[in-house]
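Visitor: Submitted below is the structure of interest, expressed as structure tokens.
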Amino acid sequence: MGTKIVIVDDHQLFREGVKRILDFEDSFEVVAEGNDGSEALSLYEQYLPDVMLMDINMPAINGIDATQQLIEKYPTAKVIILSIHDDENYVTHALKTGATGYLLKEMDADALINAVKVVAEGGSYLHPKVTHNLVKEFRRLSMQEGGAGVQTIARVEIRRPLHLLTRRECEVLQLLADGKSNRAIGDALFISEKTVKNHVSNILQKMNVNDRTQAVVVAIKNGWVEVK
């Protein structure tokens, strides 16, 4: 069985572009499209998609409200928010309503395809730039809540997890924390994007986490990466 996808976005050209990218994947099937958040619930009930891609800014009912209404009735529904906003307030609001993914509209094709695959399999996916902003906010709030003790810890020399990861994997993990995409990591380390994907997969497996965001959060808690 393929992954059934519904796209809800009021910009037809953008929606068509997203559909064109998804149609390249043999395992994906875009079963329906909508123009407004008010259609989200009915489209879900009619097609029961594995993943719903939802624009955040739409007339009548925006993507956040539509997601909240959908999750309240169908708690297992999987929604990826599409947005131009990388501010952590938008992201946390979207996640609180039940979205399991958040992509910036500046995403490349690989990020879109990967996000749909991860979310369809039960994981969560955040755009790398969004992940970096959330991590910085997490660190700031931790320092506020923990007081001087946390601030002292923050000044301790970063200790790479060489007991767990290879040196190259440590470099990749740091670049993940910096909010770099796979392509940007490859450019920085002079390796192919396929090699980066292999490194990321190994990191997730060794750290026993489901996605990049969890890996970065765990790395920060353990002092394995620097938050710039």
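The values are calculated or read from the model by the stated rules, or taken from the named source; none is laboratory data. Keep in mind that what you see is a predicted model, and the values were worked out from it rather than measured. When we count neighbours, we look across all protein chains shown, and the Cβ atoms used for this are built from the backbone with ideal geometry, even at glycine. Ligands, DNA and RNA are excluded from the accessible area calculation, which covers all protein heavy atoms including side chains. Shrake-Rupley method; radii C 1.70, N 1.55, O 1.52, S 1.80 Å.
Visitor: Please give, to one decimal in nm, the separation of the simple spin-label points placed at ASN198 and GLU25, each 7 Å out from Cα toward the Cβ.
Guide: About 2.2 nm, to one decimal.
Visitor: Taking only C-alpha pairs under 8 Å that are 6+ residues apart, what is the relative contact order of region 3-128 in percent?
Guide: The value is 22 percent.
Visitor: Using a 10 angstrom cutoff on alpha carbons, build the Gaussian network for the chain and name the most mobile of ASP108, ASP36, ASP178.
Guide: ASP108
Visitor: Rounding to the nearest 10 and keeping the result within 0 to 90°, find how far the Cα-based axis of helix 128-146 lies from the longest principal axis of the chain.
Guide: 60 degrees
Visitor: Extension gain GLN214-TYR74, at 0.36 nm per residue separation less the Cα-Cα distance, in nm?
Guide: Stretched fully, the GLN214-TYR74 segment lengthens by 47.9 nm.
Visitor: Moving to a separate point now. Can you tell me which of LEU103, LEU13, LEU204 moves the most in a GNM of the chain? Springs connect C-alpha atoms under 10 Å apart.
Guide: LEU13
Visitor: Carbon and sulfur atoms: what percent of the 1.4 Å accessible area of region 3-128 do they account for?
Guide: 48 percent
Visitor: In nm, give the distance between the simple-model label positions of GLN205 and ASP110, each being 7 Å from the Cα along the Cα-to-Cβ direction.
Guide: Each label point lies 7 Å from its Cα, and together they span 1.9 nm.
Visitor: Right, something else. Where Rh is the Kirkwood radius over the Cα pairs of region 3-128, the temperature 10 °C and the viscosity 1.306 mPa s, what D in µm²/s does Stokes-Einstein return?
Guide: On the way: Rh = 13.9 Å.
It diffuses with D of about 114 µm²/s by this estimate.
Visitor: Mind pulling the angle between the C-alpha long axis of helix 167-177 and the longest principal axis of the chain? Nearest 10 degrees, somewhere in 0 to 90.
Guide: Computed tilt is about 50 degrees.
Visitor: Okay, moving on. Under a straight-distance cross-link criterion of Cα-Cα below 18 Å, which lysines are reachable from LYS197, leaving out those fewer than 8 residues away in the same chain?
Guide: Straight-line reach from LYS197, under 18 Å: LYS117, LYS129, LYS180, LYS206.
Visitor: Got a sec? Which residues in region 69-89 would a label at HIS11 touch, if it sits 7 Å along Cα→Cβ and we count backbone N under 11 Å?
Guide: What the label zone holds, given the 11 Å backbone N cut-off, is 83-85.
Visitor: I'd like to check one number: the per residue accessible area of the chain, probe 1.4 Å, reported in Å² as a whole number.
Guide: 52 Å²
Visitor: Across 5 Å bins from 0, what is the distribution of all Cα-Cα pair distances for region 1-68, in whole percents?
Guide: Final binned percentages: 4, 20, 30, 24, 16, 5, 1.
Visitor: How large, in percent, is the carbon and sulfur part of the accessible surface of region 167-222 at a probe radius of 1.4 Å?
Guide: Ligands and nucleic acids excluded, carbon and sulfur give 45 percent.
Visitor: So, one more: Given springs between every Cα pair under 10 Å in a Gaussian network model of the chain, which of ILE56, ILE84, ILE203 has the largest fluctuation?
Guide: Among ILE56, ILE84, ILE203, the largest GNM mean-square fluctuation belongs to ILE84.
Visitor: Report Rg(Cα)/(2.2 N^0.38 Å) for the chain, keeping two decimals.
Guide: Output field value: 1.06.
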